[in-house]
Amino acid sequence: MMVSIHQPSYFPWLGLLDKIEKSNAFIILDTVQFNDNAFQSRNIFLNHNGETQYLSIPVQKKNYQKKMFRELEIVNKNWQKKQNGFIIANYKKHPFFDEIYSQISFIFEKKYVFLIDVVIDSMVACNKIFDIKTNFLLASDLDIDKELTKDKLVFGILKKIEATIYLSGVGAKDYQNDKNFEAEGIHLEYQNFSHPIYNQKNSKKFELGLSSLDIAFNLGCKESEKLLKGI
């Protein structure tokens, strides 16, 4: 069984969807600390002028260093109205707006307290749009020692779910020891992802690394799935 592990991501980019799609199970690290510089509560979109813009969910940062990601609460209830307005204003004229918006609009209407619930809903919505069947598992549901970090945390998770193959991002090559996986009886594979080029209606020049919603609004579900999966 091939397994990948990653922090939660709001409307994830194509590279993360590629990792999810190639895995038999995907572990969401909801037990880690919040990282304001990552894409846990935000992602990048294009406005109608072709400029990149972050859509971010505001969170309560008081004492956040002492909390797990899953414990973070949302502040400023107006974020949904603002983000919904941005999506409509900047993607309404895209070819497949109606098809995609109908699958994400609930996120801007549902009442949320915790950040983790919004992010998971956004990831599940992206899975449906790209027809990804991979199951999500929460690290918090696996009864893993909360004191474990880095490689020991990864090994703890992989052993808990009896994984045989670990699909890792290439960025991990800088800090993880490949031989340790062999010693644990786990085959290590690194993700091989090449960002596809597609027609971006809003762009002046092609922008890499946007939220996967951008390709979906431009190409629709079927063509987006084909481009992601290479079929």
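Structure values in brief
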| item | result |
| --- | --- |
| Residue match in the stretch 61-80 (condition: out of contact with any Pro (no Cβ under 8 Å at 6 or more places or on another chain), closer than 23 Å to Gly209 by Cα and either at pLDDT 95 or above or surrounded by 13 or more Cβ atoms within 10 Å (Cβ to Cβ) (or both)) | yes |
| Residue count, the stretch 1-39 (criterion: assigned to a strand (DSSP E or B) and among the hydrophobic types (A, V, I, L, M, F, W, C)) | 8 |
| Search result, residues across the stretch 10-35 that are among the polar types (S, T, N, Q), at pLDDT 95 or above and surrounded by fewer than 23 Cβ atoms within 10 Å (Cβ to Cβ) | Asn24 |
| Lone unmet requirement of (1) under 23 Å from His6 (Cβ atoms); (2) without any contact (Cβ under 8 Å) to a residue 40 or more places away in the chain; (3) surrounded by 14 or more Cβ atoms within 10 Å (Cβ to Cβ) for Tyr54 | (3) |
| Any hit, the stretch 170-193, residues being at pLDDT 95 or above, under 23 Å from Val124 (Cβ atoms) and among the charged types (D, E, K, R) | no |
| The stretch 57-96, residues that are closer than 28 Å to Phe130 by Cβ and among the basic types (Lys, Arg) | Arg70, Lys81, Lys82, Lys92, Lys93 |
| Hey, Lys82 outside any loop (DSSP other than H, G, I, E, B), among the charged types (D, E, K, R) and under 30 Å from Ile231 (Cβ atoms) or not | no |
| Of all residues in the stretch 108-164 being among the acidic types (Asp, Glu) and in a helix (DSSP H, G or I), the one that is surrounded by the fewest Cβ atoms within 10 Å (Cβ to Cβ) | Asp141 |
| Phe206 vs. criteria modelled with pLDDT of 90 or more and either polar (S, T, N, Q) or surrounded by 13 or more Cβ atoms within 10 Å (Cβ to Cβ) (or both) | no |
| Qualifying residue in the stretch 153-175 (condition: under 20 Å from Leu213 (Cβ atoms) and within 20 Å of the chain's Cα centre (by Cα)) | no |
| Single unsatisfied condition, Phe39 versus (1) open to solvent by 60 Å² or more (accessible area, probe 1.4 Å); (2) out of contact with any strand residue (DSSP E or B) (no Cβ under 9 Å at 6 or more places or on another chain) | (2) |
| Filtered residues of the stretch 18-30 (kept if out of contact with any helix residue (DSSP H, G or I) (no Cβ under 6 Å at 6 or more places or on another chain) and either of a type in the set (A, V, I, L, M) or without any contact (Cβ under 8 Å) to a residue 40 or more places away in the chain (or both)) | Ile20, Ala25, Ile28 |
| Pairs with Cβ under 6 Å, 6+ apart, first in the stretch 31-51 and farther than 16 Å from Ser212 by Cα, second not in a loop (DSSP other than H, G, I, E, B) | Thr31/Ala139; Thr31/Ser140; Val32/Phe69; Phe34/Tyr64; Phe34/Phe69; His48/Asn90 |
| Filter result for the condition that a residue is modelled with pLDDT of 95 or more, open to solvent by less than 30 Å² (accessible area, probe 1.4 Å) and under 30 Å from Tyr91 (Cβ atoms), over Leu227, Leu213, Leu167 | Leu213 |
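Here's the yes/no breakdown for (1) within 15 Å of Tyr10 (Cα to Cα); (2) touching a Ser or Thr at 6+ places or on another chain (Cβ under 8 Å):
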site: Lys67; (1), (2): no, no
site: Ile74; (1), (2): yes, no
site: Gln80; (1), (2): yes, no
site: Ile88; (1), (2): no, no
site: Lys92; (1), (2): no, no
site: Asp98; (1), (2): no, no
site: Asp117; (1), (2): yes, no
site: Met123; (1), (2): yes, yes
site: Asn135; (1), (2): no, no
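The values are calculated or read from the model by the stated rules, or taken from the named source; none is laboratory data. Keep in mind the model is a prediction, meaning the values are calculated, not measured. Methodologically, a virtual Cβ is constructed for each residue, glycine included, from the backbone with ideal geometry; neighbour enumeration extends over all protein chains shown. Note: areas computed on protein heavy atoms with side chains; ligands, DNA, RNA excluded. Shrake-Rupley method; radii C 1.70, N 1.55, O 1.52, S 1.80 Å.
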